[in-house]
Amino acid sequence: MAKTDELRRAEAVARERQAHFPRVTGVHYSPELDRLVVDLSSGLGLLVNYREAQGLESATPEDLREVEVSPSGFGLHFPRLDADVYVPALIEGRLGSAAYMAAKLGAEGGRARSTEKTNAARQNGRLGGRPRKAAAG
């Protein structure tokens, strides 16, 4: 019985998504733009910087030329990379899992330069660096 209920819930979620998100009607790699071009049922298209998408960071043009659209029209599968991209997430600006996006944002924050950050680093250096963690006890 539980499997039947789960299936019904999944089908309801799929119907909801189909009502609110355009589906992929075509996809190809453009060497001129060095981007994935995703055509949507709404008539709009997406240019995707594949190097920013989880699982595609080190893809070659040959890897990107082999792409399959999922039966739902919401997913892209790259067989040579064994990688999948969920298109509604791309539309929302998410290029991977929550952990992947957090790591990317953290890396960008770590590279950020500001007067405040520079001054804090200098002050911290004058104080001998970060304080040691107190011994557990």
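The values are calculated or read from the model by the stated rules, or taken from the named source; none is laboratory data. All values derive from a computational prediction rather than experimental measurement. Every residue, glycine among them, receives a Cβ derived from its backbone with ideal geometry; neighbour counts consider all protein chains shown. The protein model used for the area step is the full one, side chains on, heavy atoms only, and it has no ligands, DNA or RNA in it. Shrake-Rupley method; radii C 1.70, N 1.55, O 1.52, S 1.80 Å.
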Between GLU92 and GLU68, how high is the FRET efficiency from 1/(1 + (r/R0)^6) when r is the Cβ-Cβ distance and R₀ = 30 Å? Nearest 0.05. 0.85
Qualifying GluC sites (Glu not before Pro) in the stretch 7-78, DSSP loop, other Cβ atoms within 10 Å at most 12: GLU32, GLU66
What figure in square angstrom, to the nearest 10, would you give for the accessible area of LEU33 with a 1.4 Å probe? 90 Å²
I want to check the label-to-label distance for ARG9 and GLU116. Put each point 7 Å from Cα in the C-beta direction and report it in nm to one decimal. 4.2 nm
Residue by residue through the stretch 54-59, what is 3J(HN,Hα) from phi via Karplus (6.51 cos²θ - 1.76 cosθ + 1.60, θ = phi - 60°)? Round to whole Hz and write x for glycine and proline. 4, x, 10, 3, 10, 5
What's the extension gain from ALA19 to ARG80 if we count 0.36 nm per residue and subtract their Cα-Cα distance? 18.8 nm
